[in-house]
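Novice: Just passing along the structure, written as structure tokens.
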Amino acid sequence: MLTLRSIGRTLRALVFPPRCVICDRVLAGCDDRICANCRSVLPWAGDEACVDARKRNIDFAARAIAPVYYEDGVREALLRYKFNGVSSYAPVLARLIAEEVGVAVGLGEILPPEVVTFVPISKKRRKKRGYDQAELLAKAVARVLGLPLVKALEKITDTPAQSTLDEKARKANVVGAYRVRPEAAVDIAERHVLLIDDVLTTGATLSEAAKTVAYLLPGSIICAAVAQTRPKTQKNS
């Protein structure tokens, strides 16, 4: 028997058909939200998907995870998600993170995370955007992995967007930008923390966030993002 809720979902699908988050084409009979063609050509990071965090200039963390490179359709999808109000992408993009975390745990590259948190944006930027893209990703990752979500940090300065700065300026831009929420200590202390952001570029933002989370004395910190820029050695090869 059809319920009002299921009828509503059907009508919504007819009016707003699902689209592939990568190529933005309408999907027919596909619940994945990444079409088969796009999934087959995603710029997977391979052996670079989970590396020593120091390799990505991230201090106070054990490993850095990002399953795909920030290129082509992935880059366009993340830009739409972050700046064009397409918050519905969050569960799809988060699943990429969750899948890679599962692989890393299975290979013994990381210890199983026990709690999920995220790198927040400022209150001013959140008000303008309407949502915090890293928080939505973290909520979805936590749901897939069956873990609690804890708001461990808050951003106390409205810094210029990192994307507008060079590598040296990015590091200086985020120094002191975050502070811990003291009430989060009970949920973070001695636990293995998965720290979520949307994109890993120079590592400056995640490094500063991990340093701040470290004040809460976690057992370990694993940083994770949807996408990463290619290491310089690959760019120059």
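The values are calculated or read from the model by the stated rules, or taken from the named source; none is laboratory data. Everything numeric here is computed off the predicted structure, so don't read it as measured data. With ligands, DNA and RNA removed, areas are computed over all heavy atoms of the protein, side chains included. Shrake-Rupley method; radii C 1.70, N 1.55, O 1.52, S 1.80 Å.
Novice: Determine the relative contact order of the stretch 29-98: mean sequence separation of Cα pairs under 8 Å and six or more apart, normalised by residue count, in whole percent.
Specialist: Working: 56 pairs, mean separation 19.3, N = 70.
So the answer I get is 28 percent.
Novice: While we're on this one: Using a probe of 1.4 angstrom, how much of the accessible area of the stretch 26-88 is carbon and sulfur, in percent?
Specialist: 48
Novice: Can you list residues from other chains, or at least 5 along the same chain, whose modelled amide H is less than 5 Å from the amide H of F118?
Specialist: Under 5 Å from the amide H of F118: A152, L153, I196.
Novice: Translational D (Stokes-Einstein, µm²/s) of the stretch 22-167 at 20 °C and 1.002 mPa s when Rh comes from the Kirkwood sum over C-alpha pairs?
Specialist: 128
Novice: With the cut-off at 32 Å, tell me which of the pairs K128/K211; K128/K232; K82/K232 have Cα atoms farther apart than that. It would help to have the intermediate numbers written out before the result.
Specialist: Working: K128/K211 27 Å; K128/K232 34 Å; K82/K232 25 Å.
Exceeds cut-off: K128/K232.
Novice: Okay, moving on. Would you kindly derive the ³J(HN,Hα) couplings of the stretch 117-129 from the backbone phi angles with the Karplus curve 6.51 cos²θ - 1.76 cosθ + 1.60 (θ = phi - 60°), listing them in order in whole Hz, with x for Gly and Pro?
Specialist: 9, 8, 8, x, 8, 6, 4, 5, 5, 5, 4, 5, 7
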